[in-house]
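These notes concern the structure reproduced below.
The values are calculated or read from the model by the stated rules, or taken from the named source; none is laboratory data. Source: prediction; values computed, not measured. All Cβ positions, glycine included, derive from the backbone under ideal geometry; neighbour counts span all protein chains shown.
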């Protein structure tokens, strides 16, 4: 097969000296034509030996060193600007703590080339070193703004029918169409960490694009849940930003009872887990005048790219949170049944 599409692989490096060697070694074995594939590494002001390691590695790449930590969103946006100058067709995000199969780029490009309406293609992300277990076969998007990995810690034998359309594409390994990025904008810099990929897929769907899983594209992820949960402030604040800006106002109003019930639950969880100061800080963000101005401006932008209804968006969402690392009796027997029932009711009401 003759390939013509140009791609840029963006790797965001931050104190990744223990992860980068395996990742870069695996990228040297890519089967996609090298003259069509540019690897761009953004170092986010690492304080370990990451930069020296990257410079000394034999992998053909371009290194951009940021003097300050721009966060995930800012770092990716820096890479996007460089990719844009190269005139690539697709931008691929890849976590520094991953190992890729040689043909993972090939399958992503083939999927995107097959349908111009595809805005994002996610790889099938498996765990490492337990390569038989799934990290993410697409991500589920809860209607209250939560996101979690579908199929987490299950085997492919347990999930023989993988969904093509997914709630959102995980930023651990995802291809974005450059023309779609031009249409819906870059990652929102205010996010800094977490929910950027969820928000971006949501905006792609609002603009009429598809978000899909490419199961033949295999990437292995050295995933640790506790590395994420320690960033609780960013997770909670950014979830609220997405909830209050990506829906229409009447949808938000209709979802408020469930939203407030969830906030009561997450507040109790934050107290029990010792994250209550992070939760409080997330709420305090919304008490600032500049935050309200930002939210207004963001809502205006989201509405400007919208071509589909909230009813359409809700069809790709879930009413339950089914993630093994946070599973508990209260979530399983009280919260999930309530939120699932409310979700079914709301979907019957919303026509806009």
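For the residues 103, 52, the requirement of being within 25 Å of residue 137 (Cα to Cα) and surrounded by fewer than 18 Cβ atoms within 10 Å (Cβ to Cβ) singles out 103. Residue check: residue 232 meets all listed conditions (1) modelled with pLDDT of 95 or more; (2) crowded, with 20+ Cβ neighbours inside 10 Å but one, namely (1). Here 42, 9 are screened, and the one residue that is crowded, with 21+ Cβ neighbours inside 10 Å, at pLDDT 95 or above and more than 17 Å from residue 103 (Cα to Cα) is 42. Among the residues that make up the stretch 113-120, is at least one of them in a strand (DSSP E or B), crowded, with 23+ Cβ neighbours inside 10 Å and either more than 21 Å from the chain's Cα centre (by Cα) or assigned by TED's automatic domain parsing to the domain that holds residue 165 (or both)? Looking for residues that are in a strand (DSSP E or B), crowded, with 23+ Cβ neighbours inside 10 Å and either more than 21 Å from the chain's Cα centre (by Cα) or assigned by TED's automatic domain parsing to the domain that holds residue 165 (or both), one finds at least one in the stretch 113-120, hence yes. Among the residues of the stretch 301-322, not a single one is in contact with a helix residue (DSSP H, G or I) (Cβ under 9 Å, 6 or more places away or on another chain), assigned to a helix (DSSP H, G or I), modelled with pLDDT under 95 and closer than 25 Å to residue 223 by Cα. Assigned to a helix (DSSP H, G or I) and either within 27 Å of residue 267 (Cα to Cα) or over 13 Å from the mean Cα position of the chain (by Cα) (or both), is that true of residue 235? Yes; evaluated as a whole, the condition is true for this residue.
Return the residues of the stretch 70-81 that are buried (at least 17 other Cβ atoms within 10 Å of the Cβ) and either more than 22 Å from the chain's Cα centre (by Cα) or at negative phi (or both); say none if nothing qualifies. Step through it out loud before you land on a result.
Within the stretch 70-81, the subset buried (at least 17 other Cβ atoms within 10 Å of the Cβ) is 70-80.
Within the stretch 70-81, 70, 72, 73, 74, 75, 76, 77, 78, 79, 80 qualify.
Picking from residues in the stretch 26-55 that are part of a helix (DSSP H, G or I) and free of Cβ contacts under 8 Å to residues at least 40 places away in the same chain, the one that is nearest to residue 91 (Cα to Cα) is 36. Within the option set 134, 181, being assigned to a strand (DSSP E or B) and within 18 Å of the chain's Cα centre (by Cα) holds for one residue only, 134. The set of residues in the stretch 87-112 being part of a strand (DSSP E or B) and over 29 Å from residue 207 (Cβ atoms) consists of 99 alone.
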